[in-house]
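The values are calculated or read from the model by the stated rules, or taken from the named source; none is laboratory data. Everything numeric in this text was worked out from a predicted model, so none of it was measured. We place every Cβ from the backbone using ideal geometry, glycine too, and count neighbours over all the protein chains shown. Note: accessible area is taken over every heavy atom of the protein model, side chains too, but ligands, DNA and RNA are not part of it. Shrake-Rupley method; radii C 1.70, N 1.55, O 1.52, S 1.80 Å.
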Amino acid sequence: MAIITLITDFGTADGYVGAMKGVIARVAGTRPAPTVVDLAHDVPPGDIAHGAWVTATSTTEFPHGSIHVVVVDPGVGGKRRDVVVHARGRWYVGPDNGVFAYVAERCREAYAIENERFRAEHVSRTFHGRDVFARTAAAIAAGEDPATAGPRVELVGRLAWGPREREVGRVVHIDRFGNLITDLPEAEAEAGGAVLVASDVLPILGTYEDVAPGQLLAYIGSAGTVEVAVRDGRADRRLGVSRGALVMPCKADAARGPYR
Amino acid sequence: MAIITLITDFGTADGYVGAMKGVIARVAGTRPAPTVVDLAHDVPPGDIAHGAWVTATSTTEFPHGSIHVVVVDPGVGGKRRDVVVHARGRWYVGPDNGVFAYVAERCREAYAIENERFRAEHVSRTFHGRDVFARTAAAIAAGEDPATAGPRVELVGRLAWGPREREVGRVVHIDRFGNLITDLPEAEAEAGGAVLVASDVLPILGTYEDVAPGQLLAYIGSAGTVEVAVRDGRADRRLGVSRGALVMPCKADAARGPYR
Amino acid sequence: MAIITLITDFGTADGYVGAMKGVIARVAGTRPAPTVVDLAHDVPPGDIAHGAWVTATSTTEFPHGSIHVVVVDPGVGGKRRDVVVHARGRWYVGPDNGVFAYVAERCREAYAIENERFRAEHVSRTFHGRDVFARTAAAIAAGEDPATAGPRVELVGRLAWGPREREVGRVVHIDRFGNLITDLPEAEAEAGGAVLVASDVLPILGTYEDVAPGQLLAYIGSAGTVEVAVRDGRADRRLGVSRGALVMPCKADAARGPYR
């Protein structure tokens, strides 16, 4: 049975997510309905980079062939394109505005969504989640070939920062707990044994309980990259660090230097 | 397979929504379970008008015969009636306190929920979502005839404002993005080409990108009515406008008058 | 079909819940997938007592044999054990840190999760929700015997307060509406007809509408215990009461004494 997941910035107070689910149920009709999975709906309004990270790190747990709809779309109805993307054995549906920036690194093919079988009869200017993306996902789930959605295109959506530079990482996501998630992979960080973030040198430890409550630590997070946290606290507030901040691998014994 | 959607003000921190889902699963027993769909759970606590709008605009995307449970119910256990409503080819289950005010305009029949096959054996005074509404939805999904739930009744629940007056609209909903959603239909608004809201005259444009970031605009929203937004911002805060505010269609060239 | 419910403090902005759902879908493979039910994801970060109460009061509505995953796990990767618990005819999966404190009162057997069939090949130090608990739930849903997860263990997780003392209750949960939910059972409270909370004596009434808007009341809540609320308001703020506060049954006519 087909799986469709939904990642949006629609929140859970309005009916927007509900309308998308309604479209999927209605398109399925008497066929077996796809399984619809709520992946994340409280992406901060219009925060494309947040949506991109959630998309990159959670959808690969799903089986090959699964369909992932991403609606963080402040430019809806404007110049950015509606696209369907084939990457990492899965299908991604949403606006080409950067939400697929990480996914696109492994993109094999992308198509504009123009064919009427993939769009509602009347498409509103401000709710493509309902009128285009839910429709497209439902059409793919029902067996339509995504390659017939429209002409093949190159993805143009980018985030504020480019591809990772060698030996320097960035904070690419701050999660609900205030943990700083970086794109610095385990292999590079562990060579030195520590990272420099803000003006702190933090040795890479194992898990939160390796420090006392209220203390900072770095560790290899569940995405396989360096993270920085405060045990039972928020690292973003402690360090005053925002998304995009640089994180550099360094020697653990730098921690014994004058920085402290 | 039957579809049951849930709209509540229970939030996603407590177990109330979970208890309702448990009841539905338990009533289904060994029969094929209905598909349960989370529609919206962060309706502001006790905000009947908010729940009414979400109900009106999202449930019609679902197929005919679908069942929609609405629990925004500050008067639970008191004088308002538990009802099941047939409207627009779908079934609505909840309190008769105004949450069905929009739906009721197209209501064909409504029944009080009194029959024991539609209620738990012991009904608590403060959680009819679990003890009555989830039960009733599960019973209908299992094939019970809703017309046997109890005596036929007239709906009495109303919102603070009455039916729409001619040629004047109101802000009927403010969404997560701070967009002002009105009940002024496209046909009436477009004749003049602009709307007056607060002390601003706003020409009706197509979508957010038609103005610069931070600017106000009016457009025809996804419900087919006029909406007012700030691109990449919040119109509710910019205009200091609350739900219930009046919105009037006017000539677009009024925008060139002394108001600006 | 197997049912797996999820209770977490992961919120709905990040991809953590999504990753757990992906694991469950992937483990199911071509077998019929279990029904995954979102029970509550906005448990306050790290708030074990909150998670424990939600677990205790919502999961028993689900049928026997259902599987309930609870991830409120600030000590992940540290000393607390990963466990699967059999209680009240259902299976509970999560950390042994107190989230099962109420459930454990009716616990029949508990097992550490050590067997590789119940864990991912590579288990991260900080995300057992994905790498252990979702896996274990999926394995049980697929027919694995939970008793083979690992050695039988005694649960050691406790909350800040012990088992209930005779004739005194506590506020054990504060819900989204600011209602104070106690562990004082109906039978004990109703004998006297009132409760003492903070410095107020409140007679036990039926439901919110039994008092005027803005007034305090006590009543028997949907968990069968005493609750304290303000009609159309928040009792936690009105009384300045936190979780753990004592609540004592008393005679209703004490309300006519000098306390008022």
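Brief remarks follow.
- Calculated mean residue ellipticity, 222 nm, chain C: -4500 deg cm²/dmol, from DSSP H runs (n ≥ 4) at -39500 (n - 2.57) each, averaged per residue and rounded to 500.
- In the assembly of identical copies, A:P151 has its label point, taken 7 Å from Cα in the direction of the beta carbon, separated from the corresponding points by 6.7, 6.7 nm (ascending, one decimal).
- Taken residue by residue and averaged, Cβ atoms of other chains lying within 10 Å of the Cβ of B:61-72 number 3.
- Sorted from nearest, the other copies put their C:R31 label points 2.7, 2.7 nm away, the label point being 7 Å from Cα in the direction of Cβ.
- Per-residue mean of C-beta atoms belonging to partner chains within 10 Å, peptide B:37-50: 5
- FRET efficiency, 1/(1 + (r/R0)^6) with R0 60 Å, evaluated for B:W161 and C:C107 via beta carbons: 0.65
- Calculated label separations, B:G206, copies of the chain, 7 Å along the beta-carbon direction, nm: 6.0, 6.0
- Dipole magnitude for segment C:152-196: about 280 debye, using +1 per Lys or Arg Cβ and -1 per Asp or Glu Cβ, origin at the Cα centre.
- Rel. contact order, % - alpha carbon contacts under 8 angstrom, at least six apart, segment B:122-260: 26 percent
- Think of a 1.4 Å ball rolled over the protein heavy atoms: segment B:7-88 then has 27 Å² of accessible area per residue.
- Projected label points at B:S199 and B:H64, each 7 Å from Cα along the beta carbon direction, are separated by 5.2 nanometres.
- Acute angle (nearest 10 degrees) that the helix C:16-28 long axis makes with the longest principal axis of chain C, alpha-carbon atoms: 50 degrees
- The protein assembly as shown - percent of accessible surface contributed by carbon and sulfur, probe 1.4 Å: 49 percent
- Relative contact order, percent, segment C:105-193 [alpha-carbon distance under 8 Å, six or more residues apart]: 25 percent
- Around the Cα centre of the protein assembly as shown, unit charges on the Cβ atoms of Lys, Arg, Asp and Glu (plus for the first two, minus for the last two) sum to a dipole of about 60 debye.
- Here, segment B:150-260 has an Rg and a Dmax of 15.2, 60 Å when only alpha carbons are counted.
- DSSP beta bridges in chain A [antiparallel fraction, %, rounded to 5]: 70 percent
- Residues in segment A:27-48 that a label on A:A120 would reach, taking backbone N under 18 Å of a point 7 Å out along Cα→Cβ: A:27-29
- Accessible area (Å², 1.4 Å probe, nearest 10) - A:W91: 40 Å²
- For segment C:129-195, the normalised intensity computed at q = 0.12, 0.13, 0.27 Å⁻¹ comes to -0.64, -0.70, -1.20 (log10 of I(q)/I(0), Debye sum over alpha carbons, equal scatterers, no solvent).
- Alpha carbon centroid spacing (whole Å) that separates segment A:176-218 from segment B:1-59: 41 Å
- Taking 7 Å steps out from each Cα toward its Cβ at B:E186 and C:K79 produces label points 6.5 nm apart.
- Annotation: B:I204 carries an accessible surface of approximately 30 Å², with a 1.4 Å probe and no ligand, DNA or RNA atoms counted.
- Share of Cα-Cα pairs in the protein assembly as shown lying beyond 50 Å, as whole percent: 16 percent
- Cα convex hull of chain C, projected area averaged across orientations, nm²: 14.7 nm²
- Student exercise, segment A:154-260 dipole from Lys, Arg, Asp, Glu Cβ charges, in Debye to nearest 20: 400 debye
- Residues whose placed amide H lies under 5 Å from that of A:G221, excluding near-sequence neighbours: A:V226, A:E227
- Between chain C and chain B, the total buried accessible area stands at approximately 2400 Å², from heavy atoms with a 1.4 Å probe.
- Length-normalised contact order of chain C in % [C-alpha pairs under 8 Å, at least 6 apart]: 15 percent
- Partner lysines for C:K21 [C-alpha distance under 24 Å; skip if fewer than 8 residues away on the same chain]: A:K21, B:K21
- With protein chains left intact and a 1.4 Å probe, residues in segment B:107-172 average 53 Å² of accessible area per residue.
- Rounded D (µm²/s) - segment C:22-73, Kirkwood Rh over Cα pairs, Stokes-Einstein at 25 °C, 0.890 mPa s: 193 µm²/s
- Pair-distance distribution of segment B:1-124: all C-alpha pairs, bin width 5 Å, starting at 0; shares per bin in whole percent are 2, 11, 21, 25, 23, 14, 4, 0.
- Note on A:A212 and C:E154: their simple-model spin labels are 3.1 nm apart, each label 7 Å out from Cα toward Cβ.
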